[in-house]
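A.B. asks: Pasting in a structure now, in structure tokens, and then I'll have a few things to ask.
The values are calculated or read from the model by the stated rules, or taken from the named source; none is laboratory data. Since the structure is predicted, the reported quantities are computational estimates derived from the model, not experimental observations. Cβ coordinates were reconstructed from backbone atoms using ideal geometry, including for glycine residues, and neighbour counts include every protein chain displayed. Ligands, DNA and RNA are excluded from the accessible area calculation, which covers all protein heavy atoms including side chains. Shrake-Rupley method; radii C 1.70, N 1.55, O 1.52, S 1.80 Å.
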Amino acid sequence: VLIIGGGIVGILCAYKLKNADVDCLLAEAGEICCGITKNTTAKITLGHGLIYDKMIRRFGEDKARLYAEAQTLAIEEYARLCNHIDCDHVTKDNYVYSLNDRKKIEKEVAALNRIGVCAEFSNAGELPINVAGAVRVKNQVQFHPLKFLYAIAQDLPIYEHTKVVELMPG
């Protein structure tokens, strides 16, 4: 298996494939972790903006619940992977806020609670800015992605400065 791209997704794919005894290699045009991965927020959470109220309206509660469950499983998998890696993995509350629209926050809190996620409205006094309100979800995670990736990439077949320009049969 050829994995193109040496960010967190590519490295995790290579790691999982190698540990499943799949022959693979990762090709990165530049250097690994030098794009979006090095500038990430470093949070692992089910809150990716104010999405759940919109998701329920567009796709229904079941699909929104499945999405939240998938995010929760990812948080648990990262915890398992980080268990023996010194990567500053800590449990923290997650806040998704609005600077000026309290109603959006209230709708998002209600949507999350409808699909089984324990969310609450917060004035977010912990944040360094003034907000109209925030959705607070406990037991989310923050870590140092570069420390994490350095540890799991140690024995992976990674080719940096290797730009893939064409794939051909055979």
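A.B. asks: Could you list all residues from the range 76-102 that are among the β-branched types (Val, Ile, Thr) and either free of Cβ contacts under 8 Å to residues at least 40 places away in the same chain or closer than 17 Å to Leu146 by Cα (or both)?
C.D. replies: Ile85, Val90
A.B. asks: Read through the list (1) over 25 Å from Gln142 (Cα atoms); (2) more than 20 Å from the chain's Cα centre (by Cα); (3) not in a helix (DSSP H, G or I), then give the number of the only condition that Ile56 fails.
C.D. replies: (3)
A.B. asks: Condition first: surrounded by 14 or more Cβ atoms within 10 Å (Cβ to Cβ), touching a helix residue (DSSP H, G or I) at 6+ places or on another chain (Cβ under 7 Å) and closer than 18 Å to Lys163 by Cβ. Can you find one or more residues in the range 11-21 that meet it?
C.D. replies: Among the residues of the range 11-21, at least one is surrounded by 14 or more Cβ atoms within 10 Å (Cβ to Cβ), touching a helix residue (DSSP H, G or I) at 6+ places or on another chain (Cβ under 7 Å) and closer than 18 Å to Lys163 by Cβ, which makes the answer yes.
A.B. asks: Right, here's the next one. Picking from Pro145, Pro128, which residue would you name as being at pLDDT below 95, loosely packed, with under 14 Cβ neighbours inside 10 Å and out of contact with any strand residue (DSSP E or B) (no Cβ under 8 Å at 6 or more places or on another chain)?
C.D. replies: That would be Pro128, the only listed residue that is at pLDDT below 95, loosely packed, with under 14 Cβ neighbours inside 10 Å and out of contact with any strand residue (DSSP E or B) (no Cβ under 8 Å at 6 or more places or on another chain).
A.B. asks: If you check Asn83, Asn100, which single one turns out to be surrounded by fewer than 17 Cβ atoms within 10 Å (Cβ to Cβ) and farther than 18 Å from Gln154 by Cα?
C.D. replies: None of the others qualify; the one that does is Asn100.
A.B. asks: Within the range 30-53, count every residue that is open to solvent by less than 60 Å² (accessible area, probe 1.4 Å) and either part of a loop (DSSP other than H, G, I, E, B) or small (Gly, Ala, Ser) (or both).
C.D. replies: Going through the range 30-53 one residue at a time, the tally reaches 11.
A.B. asks: Moving to a separate point now. Take the range 107-128 and flag every residue that is under 18 Å from Lys138 (Cβ atoms) and either charged (D, E, K, R) or part of a helix (DSSP H, G or I) (or both).
C.D. replies: Listed by number, the residues that qualify are Glu108, Val109, Ala110, Ala111, Leu112, Asn113, Arg114, Glu120, Glu126.
A.B. asks: All but one of (1) surrounded by 12 or more Cβ atoms within 10 Å (Cβ to Cβ); (2) more than 17 Å from Lys18 (Cβ to Cβ) hold for Lys163; which doesn't?
C.D. replies: Just one mismatch for Lys163, condition (1).
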